[in-house]
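Following: one structure in structure tokens, then a few remarks.
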Amino acid sequence: MFDIFPESNTLSICAAAFFVLSLVTLLAQWTHCRGLLKGAENMSTVSHKGLKVIHSKFVQCYHMNEGVANIPVFVENCLEKDKIFGISHRAFGKWSVQFLFLSILCVGVEVFYILAGSGGFAQVLPYYGMCALELYLFFSLKNLCDVEGKQALLQLKLVEYFENHLVPRLRLNEAMSRVEEPELKRNAAREKEKSKASRRGWPVGEKEDELEALLKEMMF
């Protein structure tokens, strides 16, 4: 590469480094989205750390507000806050494009220096070929990864799971707790009465047996 671009190794190294960074950030974003999408296929047993956070946030929000008013907006906000190495995973897509532009900028500066030094077209032609190759490789890989499509599909899967699976289960748990609450109160009151009777020196078991015997005598 440095034989093709003999004028300035520094700019050539910078251009190559920025181009590699653009591919790395793009692949990192694609790998992260792929993991989220794979984990979203079976949300009943959540294993992905990011999905666990989103799941717990949804449950907390549901209990605090007695429901979630707009589930798609909630999911979108959670995905916006999802991070890779402490950085928003959607920022990786923007960074990949910025690194590509920086690589092309380095090539453009090198071309400017060559032309300013009375260089000919034959000297700058390899740089134009390098820019064209970088653009072709980057956008081919970007279309192949289809990160935006995976993000949209992930959001759709999460919204579908929350609306059709998690919310009905939470509502069922609430209904069961409301049904069980009076029974628990009655049991607590019964236990309280038993404790009072035992403190008075009248065993609860004997009291119940005598009442049962009295009822039988009255019936017969």
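The values are calculated or read from the model by the stated rules, or taken from the named source; none is laboratory data. Not measured: the values here are computed from a predicted model. With ideal geometry, Cβ positions are generated from the backbone for all residues, glycine too; neighbour counts draw on all protein chains shown. Side chains included, ligands, DNA and RNA excluded: accessible areas come from the protein's heavy atoms. Shrake-Rupley method; radii C 1.70, N 1.55, O 1.52, S 1.80 Å.
Stokes-Einstein diffusion for the stretch 1-107 at 25 °C, viscosity 0.890 mPa s, with a Kirkwood radius from C-alpha pairs, works out to 150 µm²/s. In the structure shown, the pairs K57/K81; K57/K83; K49/K81; K52/K83; K52/K94; K94/K142 are assessed against 18 Å; a Cα-Cα span above that value is assigned to K52/K94. Structural descriptor for the stretch 1-113: relative contact order 48 percent, calculated from alpha carbon pairs under 8 angstrom and at least 6 residues apart.
Sorting R90, R34 by accessible area puts them as R34, R90; the probe is 1.4 Å, largest comes first, and only protein heavy atoms count. Taking the inverse of the mean reciprocal distance over all distinct Cα pairs, the Kirkwood hydrodynamic radius of the stretch 53-165 comes to 17.7 Å. Ranking C78, C14 from most to least accessible surface, computed with a 1.4 Å probe over the protein chains only, gives C14, C78. Remark on I84: its backbone amide H falls under 5 Å from those of H89, a criterion applied only to residues 5 or more positions apart or on other chains, H modelled at 1.01 Å from N. Largest accessible area first, the listed residues D82, D146 line up as D146, D82 when surface is computed with a 1.4 Å probe on the assembled protein chains. A 1.4 Å probe, protein heavy atoms only, puts the accessible area of E76 near 80 Å².
Here the ratio of the Cα radius of gyration of the stretch 47-109 to 2.2 N^0.38 Å is 1.65. Only protein heavy atoms count here; on that basis, with a 1.4 Å probe, V75 has an accessible area of about 0 Å². For the stretch 83-174, applying the loop criterion from DSSP together with a ceiling of 12 other beta carbons within 10 Å to the chymotrypsin sites (Phe, Trp or Tyr not before Pro) yields F85. The accessible area of S56, taken with all protein chains in place and a 1.4 Å probe, comes to roughly 50 Å².
Hey, how many Å between the Cα centroid of the stretch 78-115 and the Cα centroid of the stretch 45-70? The distance from the Cα centre of the stretch 78-115 to that of the stretch 45-70 comes to 33 Å. Shown here are the Rg and Dmax of the Cα trace of the stretch 11-56, at 16.0, 52 Å.
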